[in-house]
Amino acid sequence: MSNVENMPVQGRRSEARERLLATASRLFYAEGIRAVGVDRVMAEADVARGTFYRHFEGKDDLVRAYLVARDQRIRADLAAAKQAAVSPTAFLETVAQGIGEEMCGVGFRGCPFINAAAEYPERNSAVHQAVLAYRDHFHEVAQDAFRQVGVTDSKRSADAMVALRDGAMIAAYLGDPQTARGTLVHGVAALLSDR
């Protein structure tokens with residue numbers, strides 16, 4: 001498992017830092033990470049170069065912070081869904097439905113983690129490690145829920161759910177989001193029946 005999830009997002013918390021992260025998140029997701037330069041992020045966030053470098057070592061650090069912030073929001077959403085669910089089965093169904101809703105949302109442009117991994121294929125880069133930390137955590141949460149459900153092989157079921165999620169995200173972006181959503185929900189239901 002990667003240590004990236006345990007690494008704090010560098011820099012002081014400040015209004016300027018939050019504007020930089022919000023602007024980077026919007027631009028990186030909508031247009032692609034490599035397509036958006038730091039100068040544009042600074043300009044749209046209305047932050048001076050010196051302020052940027054007080055919060056981030058450079059673009060890769062900003063990209064890593066963007067992914068870690070997304071990961072942290074998803075972890076919080078998963079924890080809330082788990083807390084609210086009446087059973088591990090209901091939790092996994094809720095997760096599949098939530099991913100489906102995301103895929104059908106306005107402006108959906110695929111998975112931000114898959115997109116980032118495609119742009120940063122070097123496995124040792126901090127960006128790629130942030131992607132792997134997200135995936136490892138999602139897999140662990142799914143595996144734990146499948147174990148609680150009592151499926152035959154919880155690791156294999158979690159592997160399949162991660163693959164279903166990845167495939168559905170790509171299918172939703174390239175094709176019909178409603179069909180991809182239905183396929184994901186159906187796939188997770190099939191995994192839950194493996195007892």
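Each row is one residue, and each column tells you yes or no for (1) aliphatic (A, V, I, L, M); (2) in contact with a Lys or Arg (Cβ under 7 Å, 6 or more places away or on another chain).
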{"site": "GLU93", "(1), (2)": "no, no"}
{"site": "MET103", "(1), (2)": "yes, yes"}
{"site": "PHE108", "(1), (2)": "no, no"}
{"site": "CYS111", "(1), (2)": "no, no"}
{"site": "ILE114", "(1), (2)": "yes, no"}
{"site": "TYR120", "(1), (2)": "no, no"}
{"site": "HIS128", "(1), (2)": "no, no"}
{"site": "VAL131", "(1), (2)": "yes, no"}
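Of the residues making up region 167-177, not one is over 14 Å from PHE108 (Cα atoms) and either crowded, with 16+ Cβ neighbours inside 10 Å or among the charged types (D, E, K, R) (or both). Of the candidates VAL106, VAL151, VAL127, VAL68, the single residue that is within 26 Å of SER193 (Cα to Cα) and among the β-branched types (Val, Ile, Thr) is VAL151.
Take the conditions touching a Leu at 6+ places or on another chain (Cβ under 8 Å) and exposed (fewer than 15 other Cβ atoms within 10 Å of the Cβ) and apply them to ARG34. Does it pass? No, not satisfied. For the condition free of Cβ contacts under 8 Å to residues at least 24 places away in the same chain and open to solvent by 50 Å² or more (accessible area, probe 1.4 Å), ALA190 qualifies. Taken together, the residues in region 102-138 that are without any contact (Cβ under 8 Å) to a residue 60 or more places away in the chain, open to solvent by 40 Å² or more (accessible area, probe 1.4 Å) and either part of a helix (DSSP H, G or I) or of a type in the set (Asp, Glu) (or both) amount to 5.
In the condition set (1) closer than 30 Å to VAL151 by Cα; (2) open to solvent by 10 Å² or more (accessible area, probe 1.4 Å); (3) not in a loop (DSSP other than H, G, I, E, B), ALA96 is compliant with all but (2).
The values are calculated or read from the model by the stated rules, or taken from the named source; none is laboratory data. Everything numeric in this text was worked out from a predicted model, so none of it was measured. All Cβ positions, glycine included, derive from the backbone under ideal geometry; neighbour counts span all protein chains shown. The protein model used for the area step is the full one, side chains on, heavy atoms only, and it has no ligands, DNA or RNA in it. Shrake-Rupley method; radii C 1.70, N 1.55, O 1.52, S 1.80 Å.
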